[in-house]
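*Asks:* What follows is a structure written as structure tokens; I'll ask about it next.
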Amino acid sequence: MKLLVNGSEHEVAALPDMPLLWVLRDLLHLTGTKFGCGIAQCGACTVHVDGAPRRACVTPVATVAGKQITTIEGLSKDGSHPVQRAWAELDVVQCGYCQSGQIMSAAALLAKVPVPTDTDIDQALSGNICRCGTYQRIRAAVHRAAELDKA
């Protein structure tokens, strides 16, 4: 099966119902997308499919063949995406496990809503759980990313 991941085409030998998460991590060695719960409840495995956030742990790989898949590694090669810059600038991360999913959800939000309200941010990231409780810093970083994106 052919997949378009981070702008490159990949041929993968995977069963159609294999979760996209395992294709990314085990077959393509893109380990930035994390396994959290396996039931699409925590958001650690969030990637973009055709620009929309999707939980890779419950997405059968066959359903995304021919679609543009973007992982945290594909957001920017050097951490220059406004969301990544804001995360670093505001020192959002504690343990870091959820952060790739948080960043991917935030980037998808900002692509649709360039100047989000707190409510927009809370709704867009409500499916992303941070066990360290950095929600205030996450919200601040999304606002900062919006500012950086305009600059």
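*Asks:* Which one of these does S8 not meet: (1) without any contact (Cβ under 8 Å) to a residue 60 or more places away in the chain; (2) within 15 Å of the chain's Cα centre (by Cα)?
*Replies:* (2)
*Asks:* State whether the residues of segment 73-93 include one that is hydroxyl-bearing (S, T, Y) and under 26 Å from C132 (Cα atoms).
*Replies:* There is at least one residue in segment 73-93 that is hydroxyl-bearing (S, T, Y) and under 26 Å from C132 (Cα atoms).
*Asks:* For segment 17-27, indicate whether the set of residues that are among the basic types (K, R), open to solvent by 10 Å² or more (accessible area, probe 1.4 Å) and not in a strand (DSSP E or B) is non-empty.
*Replies:* So far as segment 17-27 goes, yes, one or more of its residues are among the basic types (K, R), open to solvent by 10 Å² or more (accessible area, probe 1.4 Å) and not in a strand (DSSP E or B).
*Asks:* Could I ask something else about it? Have a look at E73, E11, E89 and point out the one that is in contact with a strand residue (DSSP E or B) (Cβ under 8 Å, 6 or more places away or on another chain) and of a type in the set (D, E).
*Replies:* E11
The values are calculated or read from the model by the stated rules, or taken from the named source; none is laboratory data. Everything numeric here is computed off the predicted structure, so don't read it as measured data. All Cβ positions, glycine included, derive from the backbone under ideal geometry; neighbour counts span all protein chains shown. For accessibility, only protein heavy atoms count, side chains too; no ligands or nucleic acids. Shrake-Rupley method; radii C 1.70, N 1.55, O 1.52, S 1.80 Å.
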